[in-house]
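Coordinate-derived values only; no laboratory data. Quick caveat: nothing in here was measured; it's all calculated off a predicted structure. Neighbour counts run over all protein chains shown; Cβ positions are idealised from the backbone, glycine included.
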Amino acid sequence: MEFAFTLKYQLSRAEGHQREVVERLMDTGCGDALIRNSPPGRLSLAFHRAAESPDEALMSALKDIRSSLPAARLIEAGPDLVGLTDVAELVGVTRQNMRKLMLTHMASFPPPVHEGNASSVWHLSHVLAWMASRGGYVLDPSVVGMSRTAMQVNLIKEQQHLDRGDGEAVLRALVL
């Protein structure tokens, strides 16, 4: 099965110029990634990787990047943090329809990770699980699985700020 996901990194000066970074990535198994336009010092990679599972696809990409760019720091794995427009595009409904669903079912709709004045952000995995429980929506199983895996990677990455313990050491070594 093929899985689509993004990985965003902060690069250190030690990584070199963009051309060098791209060459190293291609040499270490990241030929299945498109390099997106990013601000200086950042790297955004859009992968389409064949694997048996979303976990295998994402973990192999993290490992490949770690081997070619050891000083790079993961910013975010996606699809994970999304707004209503992102969800609407993924499930094939309008943004207005998603907003109506959220407002009509406020008690059961997943709470946002961040609720802002202009926009809010959710874990895609939570919203897709909620939509699946309601039925009537065609959800791509690879997106559902990858959203769960990306969320787990992001949560573990963020946990490093709270807990410097060695639990989950193998995953952290690949992610951080």
5 angstrom amide H check on residue 3, placed H, neighbours 5+ away: 49, 50, 51
Whole-Å distance, taken between Cα centres, linking segment 6-36 and segment 69-133: 28 Å
Percentage relative contact order, segment 2-78, counting C-alpha pairs under 8 Å, at least six apart: 51 percent
Semi-axis lengths, Å, segment 81-139, gyration tensor of Cα atoms, sqrt of 5 times eigenvalues: 16, 12, 11
Lysines with Cα under 25 Å of residue 157, excluding same-chain neighbours fewer than 8 positions away: 8, 63
Relative contact order %, the chain, counting alpha carbon pairs below 8 Å whose residues are six or more apart: 26 percent
The chain: angle of helix 124-134 to the longest principal axis, Cα-based, in degrees nearest 10: 30 degrees
Residues 122, 130, sorted so that the one with the fewest Cβ neighbours within 10 Å comes first: 130, 122
Relative contact order of segment 81-139, pairs being alpha-carbon contacts under 8 Å that are 6 or more residues apart, as %: 36 percent
Angle between the chain longest axis and helix 18-27 axis [Cα atoms, degrees, rounded to 10]: 90 degrees
Relative counts (whole %) of C-alpha pair distances in segment 2-78, using bins that are 10 Å wide: 20, 59, 19, 2
Estimated D of the chain in µm² per second, where Rh is the Kirkwood radius over Cα pairs and Stokes-Einstein applies at 20 °C, 1.002 mPa s: 124 µm²/s
Label-point separation in nm, residue 137 to residue 89, each point 7 Å along Cα→Cβ: 1.6 nm
Between helix 141-159 and the chain: long-axis angle, C-alpha atoms, 0 to 90°, nearest 10: 60 degrees
